[in-house]
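A.B. asks: Before I ask anything, here is the structure I am working with.
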Amino acid sequence: MKNDKFSHKATANQVVLSGVLERVVYTNQENGYSVVKFKVSGSGELLTVTGNFTNPSIGTYYSLRGSLKS
């Protein structure tokens, strides 16, 4: 199912989100796995994002690719 609110050059099962990292909830220093709060550009919606970040930095603009899960 396509989610137009978040799709920017997305593949069939992926979305691309652009925005700013607002808060780091958790980071595993050994493998980079992180849980962060991410403010989506345009909508201002705050999402919880998980994945591998190398030194996640608050206030940094990122473009992320992945799938949305509830």
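The values are calculated or read from the model by the stated rules, or taken from the named source; none is laboratory data. Note that this is a predicted model, so its numbers are computed, not measured. Counting neighbours? That spans all protein chains shown, and the Cβs are built from the backbone with ideal geometry, glycine included. For accessibility, only protein heavy atoms count, side chains too; no ligands or nucleic acids. Shrake-Rupley method; radii C 1.70, N 1.55, O 1.52, S 1.80 Å.
A.B. asks: Do you know which of the residues in segment 34-48 that are touching a residue at least 24 places away in the same chain (Cβ under 8 Å) and among the aliphatic types (A, V, I, L, M) is least open to solvent (accessible area, probe 1.4 Å)?
C.D. replies: If we take residues in segment 34-48 being touching a residue at least 24 places away in the same chain (Cβ under 8 Å) and among the aliphatic types (A, V, I, L, M), then 40 is least open to solvent (accessible area, probe 1.4 Å).
A.B. asks: Okay, moving on. Given the conditions (1) of a type outside the set (Ser, Thr, Tyr); (2) open to solvent by 30 Å² or more (accessible area, probe 1.4 Å); (3) in contact with a strand residue (DSSP E or B) (Cβ under 9 Å, 6 or more places away or on another chain), and given that residue 29 satisfies all but one, which numbered condition is not satisfied?
C.D. replies: Result: residue 29 passes all but (3).
A.B. asks: Does residue 59 qualify as being surrounded by 13 or more Cβ atoms within 10 Å (Cβ to Cβ) and modelled with pLDDT of 90 or more?
C.D. replies: So residue 59 fails the test.
A.B. asks: Yes or no: residue 34 among the small types (Gly, Ala, Ser) and modelled with pLDDT of 90 or more?
C.D. replies: Considered against the rule, which asks whether it is among the small types (Gly, Ala, Ser) and modelled with pLDDT of 90 or more, residue 34 comes out as yes.
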